[in-house]
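Here is the structure we will look at, set down as structure tokens.
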Amino acid sequence: MQNPDVIIIGAGAAGLFCAQAAGHRGRRVLVLDHANKAGKKILMSGGGRCNFTNLHATPADYLCSNRHFVKSALARYTPWDFLALTERHGVAHVEKNPGQLFCRDGARDILDLLLAECASACVEIRLNTGIRSIRPLPDTGFTVETSTGRHQCRSLVIATGGLSIPTMGATGFGYQVAEQFGHSLLPTRAGLVPFTITGTTLSALCKSLSGTAVAGVTARCNGTEFTDDLLFTHRGLSGPVMLQISSFWQAGDSLQLDLLGNGNGLHWLQEQQAQRADSELKTLLGERFTRKLASALLEHFGIDNRPLRQYTPAQLEAIANQLGNWQITPAGTEGYRTAEVTLGGINTDEISSKTMESKKQPGLFFIGEVLDVTGHLGGFNFQWAWASAHAAAEAV
Ligand code: FDA
């Protein structure tokens with residue numbers, strides 16, 4: 001297809017969804033991607049099972065410097081719309097946490113769905129294609145110069161995603177295009193990413209406990225908190241609760257971790273002391289965590305192991321405070337190498353929230369993660385990819 005109506009750069013979640021939706025509206029669509037395969041991130045997402053949406057998605061689940069920006073697109077293409085599409089394709093799903101839908105048989109099902117929709121809408125997907133330049137045409141439209149030829153189009157959609165996982169083809173290309181057309185960028189950083197820890201916390205806890213998970217940990221930072229599982233790793237701390245809070249963490253900030261669960265630790269310890277005064281603290285914590293973790297925590301916090309009856313109320317309060325109000329300052333994060341998303345990106349004040357069209361360059365659209373829109377963990381980022389792509393597809 002030499003001169004299609006629409007060129008979409010990026011054959012990821014947002015690009016493929018936009019391509020099929022625009023194709024079904026009768027547009028001739030060409031998708032270009034420099035990678036050798038389409039939808040690589042879809043395949044690795046959700047641990048290979050793609051958490052493709054969240055039924056409870058609301059604008060409050062997204063970080064964006066303009067908190068109203070996501071409302072229109074999310075309202076016009078909902079999780080139920082995407083679920084209906086998966087059902088039409090016979091994609092079996094499982095619901096993990098409430099509302100979090102994963103493929104039962106593997107992420108391939110979502111990519112196959114998108115590719116089948118693209119095929120039925122006569123979309124051409126050209127891979128292994130580097131983009132050399134983009135120039136606006138004098139009246140309307142663009143010339144796109146690529147490693148495999150020159151094209152002209154009326155509408156150009158940038159769906160090149162963020163910076164996370166460069167080995168999967170992530171680049172800052174979308175940001176360069178935005179700047180070329182006079183857009184401003186919000187500073188980018190890795191989000192939904194594991195933390196790196198140094199010092200004795202790393203050597204005495206994280207490394208020796210690597211692979212150990214703790215359920216129901218509350219992590220707090222900068223006025224936000226999440227409760228979910230924590231995972232010790234040989235580099236530091238990961239697991240859903242740490243990934244969630246990482247999006248609210250800035251270098252130098254400390255985190256507050258409540259290993260005993262949402263502020264009720266003292267009450268729980270007092271109850272246990274009343275009910276089983278002869279049990280040792282290590283035994284009690286060993287039942288709640290693992291024996292190895294219980295020993296490591298007592299040693300790390302310098303807590304004497306005794307029968308519960310021997311702790312005074314003040315000592316019990318101190319223990320609850322150590323385990324329930326653990327202040328930790330991460331050395332950093334694992335960065336874009338393992339981050340699920342990129343925070344920041346193209347300033348949404350300069351993009352139409354209804355169509356995703358640039359307010360600076362008619363015919364130019366930005367969708368998906370390249371925009372300054374980042375969802376929490378739980379299927380929200382794919383829902384944004386589908387919803388923003390749908391909004392643009394209605395307008396190209
Ligand atoms: P995406 O990154 O998907 O696609 C961008 C495309 O542009 C790629 O195909 C790339 O090759 C191409 N491209 C980049 N630069 C280019 C250039 N210069 N020239 C040509 N092409 C270029 N979200 C969720 O909701 N549920 C989940 O389960 C997960 N799980 C998950 C796991 C892991 C490990 C990661 C890294 C991420 C997730 N995510 C997720 C996040 C989700 O994958 C992400 O938000 C979407 O893929 C974003 O879709 P986009 O289409 O915007 O970018």
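The values are calculated or read from the model by the stated rules, or taken from the named source; none is laboratory data. This one's a predicted model, so the numbers in the text were calculated from it and none came from an experiment. Using ideal geometry, Cβ is built from the backbone for each residue, glycine included, and neighbour counts are taken over all protein chains shown. The accessibility values were calculated without ligands, DNA or RNA, using every heavy atom of the protein model including side chains. Shrake-Rupley method; radii C 1.70, N 1.55, O 1.52, S 1.80 Å.
Any residue at all in the stretch 79-87 that is assigned to a strand (DSSP E or B), touching a strand residue (DSSP E or B) at 6+ places or on another chain (Cβ under 9 Å) and within 12 Å of the ligand (Cβ to nearest atom)?
no
Of the residues 220, 154, 189, which is under 22 Å from the mean Cα position of the chain (by Cα), more than 16 Å from the ligand (Cβ to nearest atom) and either over 27 Å from residue 345 (Cα atoms) or of a type in the set (D, E, K, R) (or both)?
Going through 220, 154, 189 in turn, just one is under 22 Å from the mean Cα position of the chain (by Cα), more than 16 Å from the ligand (Cβ to nearest atom) and either over 27 Å from residue 345 (Cα atoms) or of a type in the set (D, E, K, R) (or both): 220.
Please state which of the following conditions residue 114 fails to meet, knowing it meets all the rest: (1) at negative phi; (2) open to solvent by 10 Å² or more (accessible area, probe 1.4 Å).
Checking residue 114 against (1) at negative phi; (2) open to solvent by 10 Å² or more (accessible area, probe 1.4 Å), the one that fails is (2).
Quick check: anything in the stretch 302-309 of a type in the set (Gly, Ala, Ser), touching a helix residue (DSSP H, G or I) at 6+ places or on another chain (Cβ under 9 Å) and open to solvent by less than 40 Å² (accessible area, probe 1.4 Å)?
Among the residues of the stretch 302-309, not one is of a type in the set (Gly, Ala, Ser), touching a helix residue (DSSP H, G or I) at 6+ places or on another chain (Cβ under 9 Å) and open to solvent by less than 40 Å² (accessible area, probe 1.4 Å), which makes the answer no.
Applying the selection to the stretch 55-82, what residues are among the small types (Gly, Ala, Ser) and surrounded by 13 or more Cβ atoms within 10 Å (Cβ to Cβ)?
57, 65, 72, 73
Within the stretch 96-108, identify whether any single residue is out of contact with any His (no Cβ under 8 Å at 6 or more places or on another chain), away from the ligand (no atom under 13 Å from the Cβ) and open to solvent by 30 Å² or more (accessible area, probe 1.4 Å), and answer yes or no.
Yes: the stretch 96-108 contains one or more residues that are out of contact with any His (no Cβ under 8 Å at 6 or more places or on another chain), away from the ligand (no atom under 13 Å from the Cβ) and open to solvent by 30 Å² or more (accessible area, probe 1.4 Å).
When you scan the stretch 182-201, how many residues do you find that are open to solvent by 30 Å² or more (accessible area, probe 1.4 Å) and out of contact with any Pro (no Cβ under 9 Å at 6 or more places or on another chain)?
Selection size over the stretch 182-201: 9.
Condition first: surrounded by fewer than 24 Cβ atoms within 10 Å (Cβ to Cβ), touching a Ser or Thr at 6+ places or on another chain (Cβ under 8 Å) and within 25 Å of residue 23 (Cβ to Cβ). Now tell me which residues in the stretch 154-169 satisfy that.
The answer is 154, and nothing else.
Which one is farthest from the chain's Cα centre (by Cα) among residues in the stretch 281-325 that are β-branched (Val, Ile, Thr) and part of a helix (DSSP H, G or I)?
Selected residue: 283.
Given the condition within 14 Å of residue 391 (Cα to Cα), more than 9 Å from the ligand (Cβ to nearest atom) and touching a residue at least 12 places away in the same chain (Cβ under 8 Å), answer yes or no: does some residue in the stretch 29-51 qualify?
no
Can you name the residue in the stretch 157-170 that is at pLDDT 95 or above and over 15 Å from the mean Cα position of the chain (by Cα) and is also farthest from residue 339 (Cα to Cα) among such residues?
157
Can you name the condition, by its number, that residue 294 falls short on among (1) surrounded by 19 or more Cβ atoms within 10 Å (Cβ to Cβ); (2) in contact with a Phe, Trp or Tyr (Cβ under 8 Å, 6 or more places away or on another chain)?
So residue 294 meets the others, but not (2).
Going by the conditions given, is residue 75 out of contact with any helix residue (DSSP H, G or I) (no Cβ under 7 Å at 6 or more places or on another chain), outside any strand (DSSP E or B), hydrophobic (A, V, I, L, M, F, W, C) and away from the ligand (no atom under 15 Å from the Cβ)?
yes
Is there any pair linking a residue in the stretch 310-328 that is in contact (Cβ under 8 Å) with a residue 60 or more places away in the chain to one that is among the β-branched types (Val, Ile, Thr) and surrounded by 15 or more Cβ atoms within 10 Å (Cβ to Cβ), with Cβ under 8 Å and at least six apart or on different chains, and which?
Correct list of pairs: 328/197; 328/201.
Among the listed residues 312, 342, 338, which satisfies the condition of being surrounded by fewer than 20 Cβ atoms within 10 Å (Cβ to Cβ) and within 16 Å of the ligand (Cβ to nearest atom)?
Exactly one residue qualifies, and that residue is 338.
Confirm whether residue 60 is assigned by the TED database to the domain that holds residue 366, part of a helix (DSSP H, G or I), under 24 Å from residue 190 (Cβ atoms) and not polar (S, T, N, Q).
Against the criterion (assigned by the TED database to the domain that holds residue 366, part of a helix (DSSP H, G or I), under 24 Å from residue 190 (Cβ atoms) and not polar (S, T, N, Q)), residue 60 qualifies.
For the stretch 172-181, which positions are open to solvent by 50 Å² or more (accessible area, probe 1.4 Å) and either under 25 Å from residue 375 (Cα atoms) or within 19 Å of the chain's Cα centre (by Cα) (or both)?
Answer for the stretch 172-181, where residues must be open to solvent by 50 Å² or more (accessible area, probe 1.4 Å) and either under 25 Å from residue 375 (Cα atoms) or within 19 Å of the chain's Cα centre (by Cα) (or both): 176, 179.
Could you tell me whether any residue of the stretch 348-364 is within 12 Å of the ligand (Cβ to nearest atom) and out of contact with any Pro (no Cβ under 6 Å at 6 or more places or on another chain)?
Yes, the stretch 348-364 contains at least one residue that is within 12 Å of the ligand (Cβ to nearest atom) and out of contact with any Pro (no Cβ under 6 Å at 6 or more places or on another chain).
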